[in-house]
Amino acid sequence: MSTADALIAVASTILSRAEGLSKVEINKKGRKFKYINDAFQRVQEEDKHLIIHPSDLEEGLSTISAYVILQSIDESLFEKFPDVCLTVVGAAGQIEKNGWYEEEHSSVIPYKQSKFTYTAELRKEAMEFAKSVTEKHLHQAQVLLYCAKLSFLHTDHHIGNKLDDPYSREYVEEFFGEDAVQSAEVISALKSFVHWANIKGILWKLKVPNLDIDEALKKKFSSYPDPPADLLEVVNKRYPSGTSKYSLIRKSLDILADYTYSKLIPFPEGPEYDLHWIFDLCHKIESDPIKYHLRASSKRLCSNPVNLNDLSKDHKSQVQTLLSVVSLVLNVFRVEEGEALLSNSKIPQFCDELIDEYEDYYQKLVDVLTKIDEYIEKGWGPDDIVLRLYNSNTRNIHDEVNRMRDAFAEDYE
């Protein structure tokens, strides 16, 4: 066999194996993955997909589909949590009727592309059940969809496995009671239906700027009720999914700068301790959050998404350095306001390795704390101690952070 023939044979073998992979499914931690576009990608449960037929609304296909989905989760849902079921079924009909469904990477499937079948008896049963849907149920569905998309914006998940996102949990308890919050079946039902609604449409209603949304979708969602004021208020209070470490750094620095003795806490010298980049980046994220979302590219949320992997690589060393400084200061000075931060896994643990790595800086912190403690033992108050020990010629956390606060004052308004 010639070299050329051998290469052709090898190439043919590789191609045949790749084709075979397209038929392969794997399961990992209860989730199904298929080989798609040269990688294994998660496949949502097909039996939770909403089936729609917008050209024949009279058939009520979305209502039947939602009813069957609830049956597949647990037949007892209809008896134990009828209002949950009516909310889900009512939402399905509204989503289909108004064109509020997700189309890209969708959990909604047009009837002609599905394998969905049903009997006349099942249709009658589902439509009869849907007659009990009220405006209250539709309102509940709309609010829960807002909660889910808001959670997606901030965490990349619509609903946590234990309703651990604060938005949904509060409203689910208000709408359906504490038992619903604790029910795995209810959570499964809610996790199914919140994926049916269009992400960009609801984020647009939440006034997230710079979405890549066309006029047709805006027109469809113009009839979607406005969000509750409390949900609208928290849209910009958290950073988009994938950027929490940058928010953590700035929040930590703000806490340290407001600490009673911050003017006495030395801040390290050197370009690796520059603060401008983190305040500038946070300003950009707050100005255009969707651009920095983890799924901005894959879900086409905006026209110019940032590559978060590249961003992380560019600032990896700076992030680690600043978080190490935060850990050292919080632990040495026992900053009460920052205790909750220490439980965050992104902040390095206070250990011998960390102390050894920043030995000189750690010793400076200890020396300052020792002086502060000496004056406290003498009965001096905090203001007097700061006046006595403050040195305007020494870089300190208070002055360095406040210099950045002044430069980015609009972010603190």
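Tabulated data for the structure shown
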read-out	value
Cα pair distances of the chain binned at 20 Å [whole percent]	21, 42, 28, 9, 0
Binned Cα-Cα distances of the stretch 167-273, short to long, each 10 Å bin given as a whole percent	10, 26, 28, 18, 13, 5
Under the Karplus curve 6.51 cos²θ - 1.76 cosθ + 1.60, θ = phi - 60°, whole-Hz ³J(HN,Hα) for the stretch 336-347, x wherever Gly or Pro sits	4, 5, x, 4, 5, 5, 5, 7, 6, 5, 6, 7
Cα-centred dipole magnitude for the chain, charges only on beta-carbon of K, R (+1) and D, E (-1), debye, nearest 20	1340
In order through the stretch 214-228: 3J(HN,Hα) via Karplus (6.51 cos²θ - 1.76 cosθ + 1.60), integer Hz, x for Gly, Pro	8, 5, 5, 5, 4, 5, 4, 8, 5, 8, 6, x, 5, x, x
Spin-label model distance (nm) - Ala184 vs Asn161, 7 Å beyond Cα toward Cβ	1.0
Stokes-Einstein D for the stretch 244-412, Kirkwood Rh over Cα pairs, 4 °C, 1.567 mPa s (µm²/s)	75
Cα-based helix-to-principal-axis angle, 61-73 vs the chain, degrees rounded to 10	70
Packing rank of 296-309, 345-358, where each peptide gets the mean count of other beta carbons within 10 Å, highest leading	296-309, 345-358
Where labels lie 7 Å past Cα in the beta-carbon direction, separation of Lys346 and Lys112 in nm	4.7
Length-normalised contact order of the chain in % [C-alpha pairs under 8 Å, at least 6 apart]	14
Sites Glu170 and Leu369, calculated FRET efficiency, Cβ-Cβ separation with R0 30 Å, nearest 0.05	0.15
Neighbour cut-off at most 12 other Cβ (10 Å), DSSP loop, GluC sites (Glu not before Pro), the stretch 67-169	Glu75, Glu103, Glu104
The stretch 47-233: Cα Rg divided by the 2.2 N^0.38 Å rule of thumb	0.97
Chain lengthening between Glu337 and Met127 when straightened (0.36 nm per residue, less Cα-Cα)	70.1 nm
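A short reminder: the numbers here are calculations on the coordinates, not readings from a lab. Only a predicted model underlies this, so the values are computations on that prediction, with no experimental measurement involved. Don't worry about glycine lacking a Cβ; one is built from the backbone with ideal geometry, like all the others, and counts go over all protein chains shown.
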